[in-house]
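Here is the structure we will look at.
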Amino acid sequence: MSEGMKEIDVPYGQESIKVKIPEANLGGILRVNDVTSKMSDEEALKKALDEPLNSKSFQEFISDANNALIIVNDATRPTPTARILDVVAPMLEGCEVKFIVATGIHRAPTDSEMEFIFGSHLEKYKEVIHIHDSKNDEQLTHIGTSKNGTEMYVNKLALEAQKIIIIGSVEPHYFAGYTGGRKAFLPGIAGYKTIEMNHKHALKMEAQALELDGNPVHDDMVDALGSLEGKEIFSIQVVLDRDHKIYAASAGHLIDSFIEAVKSAWDVFCVKIPEKAEIVVSVAPYPMDVDLYQSQKALDNGKLALKDKGILILVSKCRTGVGHDEFVKLMSAASSPLEALEVIKQQYKVGYHKAAKMAEIAVWAEMWGVTDLDSDILHSVFIRSVDSLQDALDEAIEIKGPEAKILFMLDGSITVPLIQQ
């Protein structure tokens, strides 16, 4: 390597891309904070199960269960469900259990994704695993209306179960504040119209990453849970470190265990930077690179580190394509980001919040994309397609000037950059 050059490995799918930039242009390489737990995964989980928050121990909770429903995340989340089941499954012996994969509005998992979710437990439980379908009215039942007017339709299995166990992970979320906890129900196993009504609140300024107080999306989720009052629920929430090991685990009461996990999530995912950069490379790492719909989160976090009129480069394989495509249909029909935003003001469909967030960035910055998607698709959502990350970086430096700084966010989907005060 020539003198004064820096080589960087940038994740792409389950592999990586090597790029070189002048050291003078390197503004920083961000990953989630380097934290370590004093306990092994098994020890952390057992402690959480034995010493839950505002709840019986898990062993006591499950001891008289004869019909338990376990809600797990789909493969768009990094939740280590299989590792959690390594600890939980022995305690379920003798108990009649069903699983439901909380897909929200996502598609059903593929065979390989089911193996990612359940690991070695798939063979044992495959006959009792159900896949939620938000558009299948036969799966749904109405359980009430939230204060914000959201009509709550959820999967019938939740109402039929004697007890419910939730397995989730907590990371920052660009409009719900954080993933995890209450998201297992809404959007996890909710009806399509319910999700649409809830996600409309994402257009409000208060719906932001890290924000729970006053966040209308979060408030609506919590309020909607009131319709399940009296149902016995045990929540297991984990926070992962940069190597996907368990940094913290909490369990017990659904909201209490979620809030406890949020405290640890701040330690991991909120990364301080001295200043914003002219060029930001934001990576949607595996498995959050499943499609463009999910990869958008890397753009939304990346914008927080980008200077006005900067260049934001999304790096994501988008392995299965676009995903839920309403946002693409809307943006491709608009002649400009401002026109797209005007359309969204007039009407809302699921996915339009994605269009709004992307269009808002396109108003004040350039978005480029290194993906496996067709260039026409990226162009339709105001992202310039680039074949090579190296070529993109070279051109970006040429455009922004020799003193331009480049910030690499290698965990862009879950890293929230904060300007150091």
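The values are calculated or read from the model by the stated rules, or taken from the named source; none is laboratory data. The structure displayed is predicted, hence computed values, not measured ones. We place every Cβ from the backbone using ideal geometry, glycine too, and count neighbours over all the protein chains shown.
Sort out which residues of the range 81-118 are over 22 Å from LYS245 (Cβ atoms), over 19 Å from the mean Cα position of the chain (by Cα) and β-branched (Val, Ile, Thr), and write them in order of number.
VAL97
Based on what the data block shows, is LEU49 surrounded by fewer than 22 Cβ atoms within 10 Å (Cβ to Cβ) and either touching a Ser or Thr at 6+ places or on another chain (Cβ under 8 Å) or on the phi > 0 side of the Ramachandran plot (or both)?
no
Tell me the residue from ASP387, ASP391, ASP411 that is part of a loop (DSSP other than H, G, I, E, B), surrounded by fewer than 19 Cβ atoms within 10 Å (Cβ to Cβ) and either within 22 Å of the chain's Cα centre (by Cα) or not aromatic (Phe, Trp, Tyr) (or both), please. Talk me through it step by step, then tell me what you get.
On the way: ASP391 fails: part of a loop (DSSP other than H, G, I, E, B); ASP411 fails: surrounded by fewer than 19 Cβ atoms within 10 Å (Cβ to Cβ).
None of the other options fit; the residue is ASP387.
Might you let me know whether the range 32-55 holds any residue that is among the hydrophobic types (A, V, I, L, M, F, W, C), more than 30 Å from ILE273 (Cβ to Cβ) and more than 26 Å from the chain's Cα centre (by Cα)?
no
Could you identify the single residue in LEU92, LEU30 that is aliphatic (A, V, I, L, M) and either in contact with a Lys or Arg (Cβ under 8 Å, 6 or more places away or on another chain) or within 22 Å of ILE167 (Cα to Cα) (or both)?
Sole residue among the options that is aliphatic (A, V, I, L, M) and either in contact with a Lys or Arg (Cβ under 8 Å, 6 or more places away or on another chain) or within 22 Å of ILE167 (Cα to Cα) (or both): LEU92.
What's the number of the only condition in (1) at pLDDT 95 or above; (2) touching a Lys or Arg at 6+ places or on another chain (Cβ under 9 Å) that VAL262 fails to meet?
(2) is the only condition that VAL262 fails.
State whether one or more residues within the range 200-207 are under 18 Å from SER257 (Cβ atoms) and either free of Cβ contacts under 8 Å to residues at least 12 places away in the same chain or outside the structural domain of GLY104 (by TED's automatic domain parsing) (or both).
No, the range 200-207 contains no residue that is under 18 Å from SER257 (Cβ atoms) and either free of Cβ contacts under 8 Å to residues at least 12 places away in the same chain or outside the structural domain of GLY104 (by TED's automatic domain parsing) (or both).
Could you tell me which residue of the range 26-46 is surrounded by the most Cβ atoms within 10 Å (Cβ to Cβ), considering only residues that are out of contact with any strand residue (DSSP E or B) (no Cβ under 8 Å at 6 or more places or on another chain) and assigned to a helix (DSSP H, G or I)?
Filtering the range 26-46 for residues that are out of contact with any strand residue (DSSP E or B) (no Cβ under 8 Å at 6 or more places or on another chain) and assigned to a helix (DSSP H, G or I), the one surrounded by the most Cβ atoms within 10 Å (Cβ to Cβ) comes out as LYS46.
Can you find, within the range 199-235, the residue that is surrounded by the most Cβ atoms within 10 Å (Cβ to Cβ) among those that are polar (S, T, N, Q) and modelled with pLDDT of 95 or more?
My answer is SER235.
Check PRO80 against each of (1) out of contact with any helix residue (DSSP H, G or I) (no Cβ under 6 Å at 6 or more places or on another chain); (2) surrounded by fewer than 20 Cβ atoms within 10 Å (Cβ to Cβ) and name the one condition it does not meet.
Evaluating PRO80 over (1) out of contact with any helix residue (DSSP H, G or I) (no Cβ under 6 Å at 6 or more places or on another chain); (2) surrounded by fewer than 20 Cβ atoms within 10 Å (Cβ to Cβ) leaves (2) as the failure.
Working only within the range 106-134, note down all residues that are of a type in the set (S, T, N, Q) and either touching a Leu at 6+ places or on another chain (Cβ under 9 Å) or surrounded by 16 or more Cβ atoms within 10 Å (Cβ to Cβ) (or both).
SER120, SER134
Yes/no per residue for (1) within 18 Å of ILE105 (Cα to Cα); (2) of a type in the set (Val, Ile, Thr); (3) out of contact with any strand residue (DSSP E or B) (no Cβ under 7 Å at 6 or more places or on another chain); (4) surrounded by fewer than 22 Cβ atoms within 10 Å (Cβ to Cβ):
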{"position": "ASN136", "(1), (2), (3), (4)": "yes, no, yes, yes"}
{"position": "GLY149", "(1), (2), (3), (4)": "no, no, yes, yes"}
{"position": "MET152", "(1), (2), (3), (4)": "yes, no, no, no"}
{"position": "ALA176", "(1), (2), (3), (4)": "yes, no, yes, no"}
{"position": "ILE189", "(1), (2), (3), (4)": "yes, yes, no, no"}
